[in-house]
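The values are calculated or read from the model by the stated rules, or taken from the named source; none is laboratory data. This one's a predicted model, so the numbers in the text were calculated from it and none came from an experiment. Positions of Cβ are generated from backbone atoms using ideal geometry, with glycine treated the same way; all protein chains shown enter the neighbour counts. In case anyone asks, the SASA skips ligands and DNA or RNA and just uses the protein heavy atoms, side chains included. Shrake-Rupley method; radii C 1.70, N 1.55, O 1.52, S 1.80 Å.
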Amino acid sequence: MPLKDTALSVRENAYAPYSNFKVGAVVRSASGVVYSGCNVENVAYPEGTCAEAGAIAAMVAAGEQELVEVYVVASSPEPVPPCGGCRQKLAEFGKADVPVTLATTDGAELKTTIGQLLPGAFDASHMEGS
Ligand code: THU
């Protein structure tokens, strides 16, 4: 199934009673498996957990630690950019050239990369020599 269809499908499962903004995200791992996530909110922390974080958590829980493709979809007028925390999480498990597609449920797509989403990312090399 194309990443787009998987992302649209998992978006339907989002639990977003506070924002009413459902997001679906999928990551393809280095082994080729596709992991899905949706946003899950709660009354104490209404922003909840982002869809991207859910997909990454599913990948890591399955024993994989490298993602090679990302697709995110929401019902926004323009493709919604991932939040700062999700950018850092994507950069933790994907190389800078990993393609990221941000999409709307109407079919608009913005193609970018992890490196473009988080330029100048802090990584382990910055702690060398300390
Ligand atoms: N959200 C995501 O799941 N991913 C994004 O890239 C942007 C925002 C969710 C978090 C929260 O449940 C809702 O959208 C509003 O911020």
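Of the beta bridges in segment 3-121, as assigned by DSSP with both residues counted there, near 75 percent are antiparallel. If you sort the three axes of the alpha carbon gyration tensor as a ≥ b ≥ c, you get a/c of 1.5 or more for segment 76-115 and a/b no higher than b/c, which makes it oblate.
Convex hull of alpha carbon positions in the chain: directionally averaged projected area 8.8 nm². Residue separation of residue 20 and residue 113 scaled by 0.36 nm, minus their Cα-Cα distance, works out to 30.8 nm of gained length.
When exposed loop sites are taken as chymotrypsin sites (Phe, Trp or Tyr not before Pro) in a DSSP loop with at most 13 other Cβ atoms within 10 Å, the longest stretch of the chain clear of them is 22-121. What the chain shows is 54 Å² of accessible area per residue, with the surface traced by a 1.4 Å probe over protein heavy atoms. Using θ = phi - 60° in the Karplus curve 6.51 cos²θ - 1.76 cosθ + 1.60, the 3J(HN,Hα) couplings for segment 6-23 round to 5, 5, 4, 5, 5, 4, 4, 8, 4, 10, 9, x, 8, 9, 6, 10, 8, 10 Hz; x is entered for Gly and Pro. The stretch between residue 44 and residue 57, if pulled fully straight at 0.36 nm per residue, gains 2.6 nm over its current Cα-Cα span.
Of the accessible area of segment 3-121, computed with a 1.4 Å probe over protein heavy atoms only, carbon and sulfur atoms account for 54 percent. With a cut-off of 13 Å between beta carbons, the residues surrounding residue 76 carry a summed charge of -1, where Lys and Arg count +1 and Asp and Glu -1. Restricting the calculation to Cα atoms, segment 5-46 shows an Rg/Rh of 1.09 when the hydrodynamic-style radius is the Kirkwood one. Each residue, residue 75 and residue 105, gets one label point 7 Å from its Cα in the Cβ direction; the gap between the two is 0.3 nm.
Of all segments of the chain bounded by GluC sites (Glu not before Pro) found in a DSSP loop with no more than 15 other C-beta atoms within 10 Å, the longest spans 67-127.
Principal semi-axes of the equivalent ellipsoid, √(5λ) from the alpha carbon gyration tensor of segment 7-75, are 22, 12, 7 Å from largest down.
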